[in-house]
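What follows is one structure encoded as structure tokens, with my remarks underneath.
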Amino acid sequence: MFPPVRLCALFAAPALLLASMLPEASRAQSDPSPPAKEFRVFDPTIIDASIDPCDNFYQFSCQGWLKNNPLPAEKSNYGRVTELEELNRLHLKQILEEVSAPNSARTPNEQKIGDEYATCMNTAAIEAQGLAPLKPEFDRIAALKNKNDLPLLLAHLHSIGVNAFFSMGSAPDYVDAAAVISSYGSGGLGLPERAYYTRTDEKSIEQRQQYVAHVKTVFHLAGETPKQATKDAEIVLRMETLLAEGSLDAIELRDPQKLNHPSDIAAIGKQLTNFRLATYVAATGVPPSVRVNVAEPRFLAAFNAAIAENSAEQIRAYLRWRLLDAFAGTSMPHSFDEENWNFNSHILNGAEKQEDRWKRCTSHIDNELGEALGQVYVARYFSASDKQRTLEMALAIEAAMEKDIDALDWMSPATKVRAKEKLHAVMNKVGYPDRWRDYSALQIVRDDAIGNQSRANVFEYQRGLAKVGKPVDKGEWSMTPPTVNAYYDGQQNNVNFPAGYLQPPFFNGKEDDAANYGNMGSTIGHELTHGFDDEGRQFDATGNLKDWWTKDDELKFSERSNCVVKEYDAIESVPDVHLSGKLTLGENLADLGGLWLSWLAWLDKASAVHLNMAAKTDGYTPDQRFWIAYAQQWCTQERPEELRTLAQTDPHSPSEHRTNAVLQNLPEFTKSFSCKPSSKMISANRCRVW
Ligand SMILES: [Zn+2]
């Protein structure tokens with residue numbers, strides 16, 4: 001819904017994304033969960049020693065796991081990340097079940113998360129209500145007779161979470177990151193990305209036909225005659241194609257310079273000749289801000305043209321679709337929910353079965369009320385000592401980066417000073433927010449699924465808009481505490497590691513530094529390196545989009561990163577679909593730099609404690625276990641359908657390449673395993689930036 005936010009997550013954040021380090025004894029007392037499978041960060045039992053580590057290190061490290069973990073029918077991918085997500089969801093379910101029985105002793109937050117979970121699980125009530133709760137919204141759309149009335153209608157639809165035409169929300173100012181302004185971006189598409197509407201290969205044409213069939217089915221389920229549904233589905237594809245043609249593609253969206261167009265409402269309003277922007281702005285209630293950013297000016301022009309080219313009747317058909325699509329999922333009757341799954345999960349990503357209801361409901365509450373649920377989760381599953389050890393790792397990796405910058409032979413002393421300024425300003429956020437979100441303004445009514453979803457969206461929308469004109473709150477989180485992921489925020493210059501991720505098999509207070517630095521340390525390094533990747537390096541220490549590089553250093557950086565672009569361009573992800581070196585550049589630089597920094601930090605620690613580097617544990621030396629722990633975080637089964645979708649949309653490379661392609665660039669890795677110069681795990685043309 002909102003304009004692109006400059007966040008660099010560790011993984012693509014599937015909508016449903018999202019063990020404890022307590023000693024087992026105290027865990028048994030405080031945790032009502034069934035004994036969890038013991039996850040290990042370095043796990044010798046999943047190595048396949050019959051595979052030569054110098055031939056394919058990913059398979060060497062993961063084959064045992066891959067053999068024992070076939071892809072479940074309901075998943076389009078399944079990895080060690082999923083194992084932890086599933087465990088976390090089980091923990092969240094226990095919390096939600098405890099608070100879902102009506103009880104006057106519940107706290108206001110417990111009432112909200114408990115009642116919303118009970119609502120989501122009550123499929124009989126959802127079925128009985130059908131589409132009736134959406135009737136007022138359909139009536140509003142039906143009342144649009146004159147295109148001049150669109151601004152008022154659209155302001156309302158945006159507030160309840162309908163992604164139609166364009167997006168508007170709050171965002172830090174690119175040139176003054178301390179200030180929040182309002183920002184206009186592209187939006188209004190039902191397919192994953194611009195190119196899905198414009199590509200002319202056979203597969204893409206087929207997917208568009210399948211999309212039109214999906215839209216038609218949903219219209220028909222909503223009560224339209226087959227003839228009308230067919231006609232309306234064609235209108236939707238035409239409208240969305242017009243909008244897509246005006247949108248930036250996934251590669252362009254990674255370039256902040258292409259997204260920074262300061263303007264003001266009057267100037268934008270003059271360009272929108274077919275849409276009264278002032279009426280829209282007044283209806284949203286967004287506080288007036290002098291500066292407004294237009295992330296994609298070409299898109300607003302396309303939107304303006306689309307309004308002129310389409311009749312009120314056609315606009316109504318498009319809006320009905322956007323409304324139905326916005327609420328598709330657990331709040332809707334089974335037939336809609338299933339059709340939504342069929343297109344988005346099965347056709348686009350290859351899943352064969354829908355996930356269990358409780359899992360989807362748990363994720364739904366995490367999405368709507370993540371900090372209310374997360375507060376309970378953190379109290380049970382994240383200890384102060386976990387937080388402390390993570391912080392110590394982050395500081396050690398920052399110290400390694402400082403040394404690394406000093407040692408760079410391609411960067412001038414002047415740019416090094418600025419790079420270190422930025423490094424010293426990075427803020428580490430670990431586990432959960434210092435100040436929890438206040439949900440008191442949000443009303444959750446038992447057995448009103450669509451109403452709750454709508455109110456939760458309004459709450460989030462207004463919370464976002466209320467920030468306009470105020471200073472940025474750097475204490476806020478963009479991921480919920482139980483999430484299995486991490487991110488760097490370029491405009492706040494901070495790294496964020498949710499508690500849900502600081503768990504085995506990614507981090508374990510009971511395992512040694514070789515394991516934890518190889519795995520979680522590489523992630524800490526990854527997020528830190530995002531501040532210095534092709535995108536992040538354009539922001540300064542305070543998060544302003546401001547060039548701090550000398551021309552010569554910039555050129556040398558580009559030469560080095562082009563090496564990485566070429567390396568990944570050459571990788572064929574599925575037959576006939578190559579990775580895009582440019583789309584994945586930032587993540588690949590972060591993977592490579594992050595692992596290198598964590599290696600340096602770990603070596604320093606190992607030498608400070610005089611670690612015996614020849615002593616074997618489980619058959620491997622400490623340095624070998626460092627690299628294996630790195631690789632084992634990526635063990636993942638993936639469907640070819642999803643690999644195809646991700647190669648076209650995801651700035652992250654697939655797991656096998658996040659392992660092998662990264663390690664192929666590091667001589668230190670090949671030395672640990674005494675690989676021969678002709679080994680496949682040695683890149684012919686090694687790349688190195690950081
Ligand atoms: Zn990343």
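The values are calculated or read from the model by the stated rules, or taken from the named source; none is laboratory data. Predicted model only: the values in this text are computed from it and were never measured. Methodologically, a virtual Cβ is constructed for each residue, glycine included, from the backbone with ideal geometry; neighbour enumeration extends over all protein chains shown. SASA here: full protein model, heavy atoms, side chains in, ligands and nucleic acids out. Shrake-Rupley method; radii C 1.70, N 1.55, O 1.52, S 1.80 Å.
Ser26 passes all but one of (1) at pLDDT 95 or above; (2) polar (S, T, N, Q); (3) over 30 Å from the mean Cα position of the chain (by Cα); which number fails? (1) is the only condition that Ser26 fails. A count restricted to the range 580-620 and to residues that are within 16 Å of the ligand (Cβ to nearest atom), open to solvent by less than 10 Å² (accessible area, probe 1.4 Å) and among the small types (Gly, Ala, Ser) stands at 6. Selection of the range 629-683 for residues being among the charged types (D, E, K, R) and open to solvent by 40 Å² or more (accessible area, probe 1.4 Å) yields Glu638, Glu641, Arg644, Glu656, Glu668, Lys671, Lys676, Lys680.
Filter the range 637-675 for residues that are away from the ligand (no atom under 16 Å from the Cβ) and within 17 Å of Leu66 (Cβ to Cβ); which is farthest from the chain's Cα centre (by Cα)?
Residue satisfying both the conditions and the ranking: Asn660.
The number of residues in the range 417-429 being open to solvent by less than 30 Å² (accessible area, probe 1.4 Å) and within 15 Å of Phe539 (Cα to Cα) comes to 4.
Being within 16 Å of the ligand (Cβ to nearest atom), among the aliphatic types (A, V, I, L, M) and not in a helix (DSSP H, G or I) is true for just one of Val445, Val468, Val484, Val430. Which residue is that? Answer to the check: Val484.
Just to be sure before I move on: is Glu572 away from the ligand (no atom under 15 Å from the Cβ) and not aromatic (Phe, Trp, Tyr) in the structure I sent? Break it down stepwise before answering.
Values: away from the ligand (no atom under 15 Å from the Cβ): yes; not aromatic (Phe, Trp, Tyr): yes.
When the stated conditions are applied, Glu572 passes them.
Would you mind stating whether Arg463 is within 30 Å of Asn562 (Cβ to Cβ), more than 18 Å from the chain's Cα centre (by Cα), charged (D, E, K, R) and assigned to a helix (DSSP H, G or I)?
no
Got a sec? Which of Lys227, Lys231, Lys270, Lys258 is open to solvent by 50 Å² or more (accessible area, probe 1.4 Å) and touching a helix residue (DSSP H, G or I) at 6+ places or on another chain (Cβ under 7 Å)? Full working, then the answer.
On the way: Lys227 fails: touching a helix residue (DSSP H, G or I) at 6+ places or on another chain (Cβ under 7 Å); Lys231 fails: touching a helix residue (DSSP H, G or I) at 6+ places or on another chain (Cβ under 7 Å); Lys270 fails: touching a helix residue (DSSP H, G or I) at 6+ places or on another chain (Cβ under 7 Å).
Within the list Lys227, Lys231, Lys270, Lys258, the selection yields Lys258.
Checking each residue of the range 166-175 against the condition of being surrounded by fewer than 20 Cβ atoms within 10 Å (Cβ to Cβ), over 19 Å from the mean Cα position of the chain (by Cα) and either over 18 Å from Ala282 (Cα atoms) or of a type outside the set (Ser, Thr, Tyr) (or both) gives at least one match.
Just to be sure, is Asn109 more than 24 Å from Glu371 (Cα to Cα) and of a type outside the set (A, V, I, L, M)? Here the answer is no, as Asn109 does not meet what is asked. Going by the structure shown, is Gly475 under 17 Å from the mean Cα position of the chain (by Cα), at pLDDT 95 or above and more than 16 Å from the ligand (Cβ to nearest atom)? So Gly475 does not fit the description; no.
For the residues Asn56, Asn88, the requirement of being modelled with pLDDT of 95 or more and surrounded by fewer than 21 Cβ atoms within 10 Å (Cβ to Cβ) singles out Asn56. You will find that of Ser363, Ser345, the residue that is open to solvent by 30 Å² or more (accessible area, probe 1.4 Å), more than 23 Å from Ser186 (Cα to Cα) and among the hydroxyl-bearing types (Ser, Thr, Tyr) is Ser345 and no other. When residues in the range 68-94 are screened for being over 24 Å from the mean Cα position of the chain (by Cα), outside any loop (DSSP other than H, G, I, E, B) and over 13 Å from Lys359 (Cα atoms), 1 of them pass. None of Ala305, Ala295, Ala317 is surrounded by fewer than 18 Cβ atoms within 10 Å (Cβ to Cβ) and at pLDDT 95 or above except Ala305.
Does Tyr184 meet the test of being within 29 Å of Ser653 (Cβ to Cβ) and buried (at least 20 other Cβ atoms within 10 Å of the Cβ)?
No; evaluated as a whole, the condition is false for this residue.
Across the range 510-558, the qualifying residues are those that are crowded, with 19+ Cβ neighbours inside 10 Å and of a type in the set (Val, Ile, Thr), and the one among them that is farthest from the ligand (Cβ to nearest atom) is Ile524.
For (1) closer than 18 Å to Val81 by Cα; (2) in contact with a Gly (Cβ under 8 Å, 6 or more places away or on another chain); (3) among the basic types (Lys, Arg), each residue gets a yes or a no:
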position: Gln624; (1), (2), (3): no, no, no
position: Ile628; (1), (2), (3): yes, yes, no
position: Glu642; (1), (2), (3): yes, yes, no
position: Asp650; (1), (2), (3): yes, no, no
position: Ser655; (1), (2), (3): yes, yes, no
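Tell me which residues, restricted to the range 95-144, are assigned to a helix (DSSP H, G or I), open to solvent by less than 60 Å² (accessible area, probe 1.4 Å) and of a type in the set (Gly, Ala, Ser). Gly114, Ala118, Ala125, Ala142, listed by residue number. For the range 444-455, a residue qualifies if it is touching a Gly at 6+ places or on another chain (Cβ under 8 Å) and buried (at least 19 other Cβ atoms within 10 Å of the Cβ), and the qualifying residues are Gln453, Ser454. In the range 597-624, the residues that are farther than 14 Å from Tyr517 by Cα form Cβ pairs under 7 Å with partners that are open to solvent by 50 Å² or more (accessible area, probe 1.4 Å), at six or more places apart or across chains, as follows: Thr621/Met613; Thr621/Ala614. State whether one or more residues within the range 30-39 are modelled with pLDDT of 85 or more, open to solvent by 20 Å² or more (accessible area, probe 1.4 Å) and either in contact with a Phe, Trp or Tyr (Cβ under 8 Å, 6 or more places away or on another chain) or within 16 Å of the ligand (Cβ to nearest atom) (or both). There is no residue in the range 30-39 that is modelled with pLDDT of 85 or more, open to solvent by 20 Å² or more (accessible area, probe 1.4 Å) and either in contact with a Phe, Trp or Tyr (Cβ under 8 Å, 6 or more places away or on another chain) or within 16 Å of the ligand (Cβ to nearest atom) (or both). The sole residue among Phe497, Phe507 that is within 16 Å of the ligand (Cβ to nearest atom) and open to solvent by less than 10 Å² (accessible area, probe 1.4 Å) is Phe497. Only one entry in Gln538, Gln503 is of a type outside the set (A, V, I, L, M, F, W, C) and under 20 Å from the mean Cα position of the chain (by Cα), namely Gln503. List pairs: first in the range 484-496 and closer than 22 Å to Asn367 by Cβ and among the hydroxyl-bearing types (Ser, Thr, Tyr), second open to solvent by 10 Å² or more (accessible area, probe 1.4 Å) and within 14 Å of the ligand (Cβ to nearest atom), Cβ under 7 Å, 6+ apart or cross-chain? Note: pairs meeting the criteria are Tyr487/Leu7; Tyr487/Cys8; Tyr487/Ala9; Tyr487/Ser478; Tyr487/Met479; Tyr488/Cys8.
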